[in-house]
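A short write-up of the structure that comes next.
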Amino acid sequence: MTEGTGHVIDPDGDARRALLEAVAEHGPGALSDATIMDNLCRSKLAALPGESILIVSAARADVPALLRDKTPELGNYGAIQSVAATLAQASDLDGAATLWVVREFARTLGMIAPGGTQPVPRFMPGGPAAEAAAGGASAGAGAGAGAGAGAEVGAGAGAGAPGPGMAGGTGTPPTRKARGSRVLTRNTIGVAAAIALVAGYLGVAAAAHLSPFPAETVAATSPPSSTAPSTGPGTSTSPAGSPSASPDASPTSDFDVLLSKIPASVQGHNNCQLTGTQYGATAVIQCSRLNSLAAGTIIYYLYPGPAGLSSGVSALLSKVGFRQERECTTGGEFTDFLVECQSDFHSQTPFMTGSIAEYTSTSHDPIIVTSDNQQKVMAVMVGTNAGDLLTYWKQLNWIVR
């Protein structure tokens with residue numbers, strides 16, 4: 001991508017690879033840690049000072065939390081554009097540059113498909129390309145209106161959600177609030193008249209899924225592919241769009257497998273989305289706004305085997321600062337929601353073995369982290385009433401048997 005001065009941002013993909021390595025080493029929380037990002041940029045991106053400023057600014061603003069907040073309302077790409085506008089306004093940075101860094105954070109979190117490092121065309125004022133871009137910007141004004149409105153709202157959305165999935169988007173339990181961005185001058189990144197033209201092209205490209213935007217991840221309530229078992233009438237996981245869509249944007253077979261394990265009552269209202277591969281899972285699906293269930297949000301994680309499942313549970317609980325203080329049962333029975341408790345469980349009807357941990361978020365919402373050893377699935381359930389949430393878990397109908 002190019003910014004206002006004609007500079008190609010991250011031309012060789014070094015920044016993208018550095019972000020992926022940071023998340024692989026430190027976990028997704030690294031993208032919200034300005035210290036980690038600053039050290040990363042100093043050690044690996046010394047030759048890219050502009051990209052380094054953007055990355056550290058995005059970490060200070062806690063872009064992952066902002067994306068989680070906006071995705072349920074605007075979808076993946078609408079959220080990216082809204083958060084980019086918010087970051088540009090709050091940090092006094094170039095709009096095209098903030099769009100690049102927010103997209104890279106979203107890509108690293110698995111919100112959008114991996115892509116190449118092709119820059120967008122350099123539209124120059126007064127030339128034929130500029131005239132074409134200006135026409136595209138005019139045509140894209142309507143298409144981008146929703147994202148623009150979302151950006152206006154997003155300017156005040158700095159706080160991370162209290163528990164897993166409450167803000168939507170990454171499948172990661174947010175435990176931190178967004179930090180204020182460092183104020184930088186536009187001269188740091190550079191401004192030229194071409195910015196408006198590039199932004200117009202990007203708005204049209206995002207709406208039409210043109211380069212450099214890959215097709216958006218489909219909601220998990222799309223019809224399943226023929227390779228996955230059906231979960232109910234009219235439910236399918238086929239990707240939206242034409243058959244010529246980029247293979248990178250298509251749901252993986254692990255997505256199909258995980259979707260087939262989610263009950264129709266959970267995924268039946270276009271509330272589920274593929275969100276990445278956090279905590280060692282091969283696929284993660286987040287289902288939100290489940291108003292008819294005690295668990296308003298459920299995040300499902302699929303694992304290839306028992307060892308990965310156990311490791312994923314431990315990694316998530318460690319990430320949220322969970323400390324086991326007691327067992328969750330009294331006389332072998334789950335009678336009350338007990339904060340900071342963890343136990344193994346065994347059910348005969350239906351047959352199921354796994355573990356359960358109960359804790360509350362920073363806003364005191366009750367949360368249950370549980371596993372199903374037979375299905376190789378971890379589920380994070382977030383509710384508002386502790387007793388109702390435990391009752392829902394005990395029914396064991398949060399996953400297809």
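Got a number for carbon plus sulfur as a percent of the stretch 269-366's accessible area, 1.4 Å probe? Before the final figure, lay out the partial values.
Details: 2190 of 4480 Å².
Here carbon and sulfur together make up 49 percent of the probe-accessible area.
If Lys and Arg each add +1 and Asp and Glu each add -1, what is the summed charge of the other residues whose beta carbon sits under 15 Å from the beta carbon of THR360?
Working: positive: ARG323, ARG326; negative: GLU325, ASP336, GLU340, GLU358, ASP365, ASP388.
Combined, the nearby Lys, Arg, Asp and Glu give -4.
Would you mind working out the accessible area per residue for the stretch 17-72, using a 1.4 Å probe, and quoting it in Å²?
Numbers: 2080 Å² over 56 residues.
Heavy-atom accessible area per residue stands at 37 Å².
Count Lys and Arg as plus one, Asp and Glu as minus one, and take only other residues whose Cβ is under 13 Å from that of ALA295; the net charge is then -1.
Using packing as a proxy for protection, rank 58-71, 22-35 so that the peptide with the highest average count of other Cβ atoms within 10 Å comes first. Walk me through the numbers on the way to the answer.
Details: 58-71: 27.0, 22-35: 18.1.
Going from most to least packed, we get 58-71, 22-35.
For LYS394 and ASP92, the difference between the fully extended length at 0.36 nm per residue and the C-alpha to C-alpha distance is 103.7 nm. Relative contact order, whole percent, for the stretch 258-401 stands at 24, derived from Cα pairs under 8 Å and 6 or more residues apart.
Is the shape of the stretch 253-392 rounded, prolate or oblate, going by the alpha carbon gyration tensor and its root eigenvalues a ≥ b ≥ c, with a/c under 1.5 for rounded and a/b larger than b/c for prolate? It is rounded, given that a/c, with a ≥ b ≥ c, falls under 1.5. Highest average first, the peptides 351-357, 320-326 ordered by how many other beta carbon atoms sit within 10 Å of their residues are 351-357, 320-326. Couplings 3J(HN,Hα) of the stretch 322-329, computed from phi: 5, 10, 5, 10, 6, 7, 8, 10 Hz, in residue order, whole Hz [Karplus 6.51 cos²θ - 1.76 cosθ + 1.60, θ = phi - 60°; x for Gly and Pro]. For the pair THR330 and LEU20 in one chain, pulling the backbone fully straight at 0.36 nm per residue adds 107.2 nm over the alpha carbon distance. Solvent exposure of the stretch 322-401, expressed per residue, is 46 Å² of accessible area, with all protein chains present and a 1.4 angstrom probe.
Using a 1.4 Å probe on the protein chains only, how many percent of the accessible area of the stretch 1-104 belongs to carbon and sulfur? Please list the in-between numbers first.
Numbers: 1660 of 3280 Å².
Of all accessible area on the stretch 1-104, carbon and sulfur atoms account for 51 percent.
The values are calculated or read from the model by the stated rules, or taken from the named source; none is laboratory data. What you are looking at is a predicted structure, and each value in this text was computed from that prediction instead of being measured. Here the Cβ is made from the backbone with ideal geometry for all residues, glycine too, and neighbour counts use every protein chain on show. We work out accessible area using only protein heavy atoms, side chains counted, and drop any ligands, DNA or RNA first. Shrake-Rupley method; radii C 1.70, N 1.55, O 1.52, S 1.80 Å.
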